[in-house]
Amino acid sequence: MKKKNFTIALFLGIVFSINAQMKTMHKSNAGIKGGYNLAAVSFDGDGETEQRHSFHVGIYGEEFISESFSIQPELLYSQQGYVITNSSGTFTQKLNYINLPLMLKAYPSQNFFLEAGPQIGLAVSHKEEYDGLFSSSQQYDPNSFDWGVNFGGGFKTDSGVSLGVRYHLGLGDLYDDGKAKNRVWQFSVGFDL
C-alpha cells in the first residue's frame, strides 16, 4: 500500500512539475537582440559577392499560440551590403536597413527552436567605398524596398537568453538592373525583458 501511494505521489509530482515548467517557459515576452551579420549579394544567380562584416540590433515580441509554436515580430536595424575585390582594388557597398521580420517559431523541445517567416526592409542609407586603384564617382542607388524570407534556429534558456542563427534569402531586386538580391547570415543574442 505504501508503495502504491508513493508511486501515485511521485507520478503526480512529476506531472505538476512538468506542467509548471511548460507554463513558465511558454509565456509571451518581449526583448532586445543584436549580433553579427555576414552580408552578400547574389547577381543574376551567378553566385555571391564577398561578404561584408557588420551587425544588427533591435527589439522583438514573442506571442505563444500553442505550447510548441509562437509568432515573433521584430524591428531591426541591419547593416548589409557586399564587397567586390579584383586586381584594381576593393569596392564596398554599405547598405543599412530597417527590417521587419515576422517569424513563426516551433519548439520541438523546451529550449530548442526552429523559425521561418517573411521579412520586409526599408533602405535608410547607402554608401560606396573604393580602395586601391579601383576608383569611380558612380553612385549605385539601391531600391528603397526589400523583401524576402528567413530561415533559422537556436537555443533559448529558461531565463530568457537566446542564441540564434538565421539566413535571409532576399527576393526583391536590390537595383533596377542586374537582378541583385540580398543574402545575409545573422548570428544573434537575445534577452527577454
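The values are calculated or read from the model by the stated rules, or taken from the named source; none is laboratory data. Just so it is clear, the model here is predicted, and its values are computed rather than measured. Cβ coordinates were reconstructed from backbone atoms using ideal geometry, including for glycine residues, and neighbour counts include every protein chain displayed.
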Give me a count of the residues in segment 115-153 that are at pLDDT below 85 and touching a Gly at 6+ places or on another chain (Cβ under 9 Å).
6
Which of (1) loosely packed, with under 14 Cβ neighbours inside 10 Å; (2) under 25 Å from Gly34 (Cα atoms) is the odd one out, the single condition Phe113 does not satisfy?
(1)
Considering every residue within segment 86-108, establish whether at least one is in a strand (DSSP E or B), under 20 Å from Phe155 (Cα atoms) and of a type in the set (Ser, Thr, Tyr).
no
Would you be able to tell me the number of residues in segment 182-191 that are surrounded by fewer than 22 Cβ atoms within 10 Å (Cβ to Cβ) and touching an Asp or Glu at 6+ places or on another chain (Cβ under 7 Å)?
1
Taking only pairs six or more apart or across chains, which ones have beta-carbon atoms under 7 Å, a first residue in segment 169-182 that is closer than 12 Å to Pro142 by Cβ and assigned to a strand (DSSP E or B), and a second residue that is at pLDDT below 95 and β-branched (Val, Ile, Thr)?
Ala180/Val41; Lys181/Val41; Asn182/Val41
Of all residues in segment 157-180, which are basic (Lys, Arg) and surrounded by fewer than 21 Cβ atoms within 10 Å (Cβ to Cβ)?
Lys179
What single numbered condition from (1) more than 23 Å from Ser159 (Cβ to Cβ); (2) surrounded by 17 or more Cβ atoms within 10 Å (Cβ to Cβ); (3) modelled with pLDDT under 95 fails to hold for His26?
(1)
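Name every residue in segment 70-89 that is at pLDDT 95 or above and surrounded by 14 or more Cβ atoms within 10 Å (Cβ to Cβ), in order of residue number.
Ser70, Ile71, Gln72, Pro73, Glu74, Leu76, Tyr77, Ser78, Gln79, Gln80
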Looking at this structure, is Gln186 out of contact with any Leu (no Cβ under 9 Å at 6 or more places or on another chain) and either outside any strand (DSSP E or B) or modelled with pLDDT of 95 or more (or both)?
no
